[in-house]
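A.B. asks: The structure that follows is given in the form of structure tokens.
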Amino acid sequence: MKKIGILFGMENTFPNAFIERVNSKAVDGIIAEAVSIDKVVQAGPTDYAVIIDRISQDVPFYRAFLKNAALCGTAVINNPFWWSADEKFFNNALAEQIGVPVPKTVLLPSKERPENTSETSFRNLAFPMAWEEIFQYVGFPAYMKPHDGGGWKSVYKVLNPQDMWYKHEETGQLVMMLQEEIVFDDYVRCYCIGQKDVLIMPYEPRNPHHLRYASELKATGEEREKLLATITDYTLKLNVALGYDFNTVEFAVRDGIPIAIDFCNPAPDADIYSVGRDNFDWVVEAAANMAIERAQKQVPGKVNLTWGTFISNAAAAPAALAPTSTPAETPATDVAKEVKVKAVVPKKAVAAKPVAEKPVAEPEPVVPTKKAAATKAPAKNSKIKKS
């Protein structure tokens, strides 16, 4: 019997419906239940072939448990190793490389120095930064948000440089990014399950939370069909590149072009009271089918994780440089045999005559500023005037 487990916190509607839906299918040798953890021993396998993770982003203990489970053969959805390394600024850069439009975005250093660092830790950071070029590239109004955040936490709309510096004072040690504002005609949120099933949901982020899915697309006819096809294509491209099996992607549509705004939601909202009955039923069914398929393919003791093409292509690159053939004198079947190497005794080194050297004092480190290593307003000679 292969178990499918779901690891969750305060949410109720999706986990229970998921378990019931998997079990109602009565697939031979497959059963679903809530994950139960009574001990976590290093390199100790779990009882689960598949675990759907809905909570480890908030509970480090669960994240460590899932990595250990994945190492021992559990197919964890989503991949806990990649999720631990993922962040929004990198995702934007990756999206550009695979041809998915994203807002113009730049990275900002934290306002306060990270703990256990000093001014010298930031000797490679220019003071002031190239603010004129940054502001010209992004434009105003803009949004400032954590480069690795989520859930609309610490997100600011900034109207001009002075407004940005004022609000940046509140961000502490958070590394922020400044992002172009997209004034949109339509907005959608898309579930993507198993890197193949996509549900496009009209979404209004400016509405109260419980009314955000109470929206309709403004595009109609042929324009609407073309837009939906492009959004589906972009959603699949992003999830295949990132390696997510359960994710949501948000697009702001400007002048008929879908621009990816947020696409790192590997524990996305799936509550019936916010997404609505139809969307809820779709995601429960798609997630149940995916989990059953992954359980059937799971091989005990092997790594059963999904890796994005960014990682898999990078891992395959060194192999492409390796020799493709074995030397004629060494049969392929014998490559792994021990090779005896004749020991060579090194020649005795000849001692060099000592040369008197003048002592050289270690140069003082170049510190760019006496102020805290943090983003600050331009210097007095900047083209941008302070308010």
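A.B. asks: Could you check how many residues of the range 59-79 are over 12 Å from Leu7 (Cα atoms) and touching a residue at least 40 places away in the same chain (Cβ under 8 Å)?
C.D. replies: Of the residues in that region, 7 qualify.
A.B. asks: Against the conditions (1) crowded, with 18+ Cβ neighbours inside 10 Å; (2) under 20 Å from the mean Cα position of the chain (by Cα); (3) not assigned by TED's automatic domain parsing to the domain that holds Cys190, where does Tyr234 fall short? Just the number, please.
C.D. replies: Of the numbered conditions (1) crowded, with 18+ Cβ neighbours inside 10 Å; (2) under 20 Å from the mean Cα position of the chain (by Cα); (3) not assigned by TED's automatic domain parsing to the domain that holds Cys190, the odd one out for Tyr234 is (3).
A.B. asks: Considering only residues of the range 97-141 that are aliphatic (A, V, I, L, M) and buried (at least 18 other Cβ atoms within 10 Å of the Cβ), which is nearest to Lys167 (Cα to Cα)?
C.D. replies: In this case the residue turns out to be Leu108.
A.B. asks: Further, regarding this structure: Which count do you get for residues in the range 89-110 that are touching a strand residue (DSSP E or B) at 6+ places or on another chain (Cβ under 8 Å) and either at positive phi or not small (Gly, Ala, Ser) (or both)?
C.D. replies: Initial filter on the range 89-110 (touching a strand residue (DSSP E or B) at 6+ places or on another chain (Cβ under 8 Å)): 89, 92, 95, 100-108, 110.
Cutting the leftovers down to either at positive phi or not small (Gly, Ala, Ser) (or both) gives us 89, 92, 100-108.
So the count comes out to 11.
A.B. asks: Being of a type in the set (S, T, N, Q) and not in a helix (DSSP H, G or I) is the filter here, so list the residues in the range 81-113 that pass it. Please lay out each step first, then the result.
C.D. replies: Kept after step one, since they are of a type in the set (S, T, N, Q), are these residues of the range 81-113: 84, 91-92, 97, 105, 110.
Across the range 81-113, the qualifying residues are Thr105, Ser110.
A.B. asks: Right, next: Search the range 259-274 for residues that are assigned to a helix (DSSP H, G or I) and pair each with any residue that is modelled with pLDDT under 95 when their beta-carbon atoms are under 8 Å apart and the residues are at least 6 apart or on different chains.
C.D. replies: Listed pairs, sorted by first residue: Tyr273/His210; Ser274/His209; Ser274/His210; Ser274/Arg212; Ser274/Tyr213.
A.B. asks: Would you check if Val50 is out of contact with any Phe, Trp or Tyr (no Cβ under 6 Å at 6 or more places or on another chain), buried (at least 16 other Cβ atoms within 10 Å of the Cβ) and not in a strand (DSSP E or B)?
C.D. replies: Values: out of contact with any Phe, Trp or Tyr (no Cβ under 6 Å at 6 or more places or on another chain): yes; buried (at least 16 other Cβ atoms within 10 Å of the Cβ): yes; not in a strand (DSSP E or B): no.
So Val50 fails the test.
A.B. asks: Within the range 215-239, track down each residue that is in contact (Cβ under 8 Å) with a residue 24 or more places away in the chain and not in a helix (DSSP H, G or I).
C.D. replies: The answer is Ser215, Leu217, Lys218, Ala219.
A.B. asks: Something else about it: Anything in the range 28-47 that is surrounded by fewer than 21 Cβ atoms within 10 Å (Cβ to Cβ) and not hydrophobic (A, V, I, L, M, F, W, C)? List them, or say none.
C.D. replies: Asp28, Gly29, Glu33, Ser36, Asp38, Lys39, Gln42, Gly44, Pro45, Asp47
The values are calculated or read from the model by the stated rules, or taken from the named source; none is laboratory data. Just so you know, these numbers come straight off a predicted model, no measurement behind them. Neighbour counts run over all protein chains shown; Cβ positions are idealised from the backbone, glycine included.
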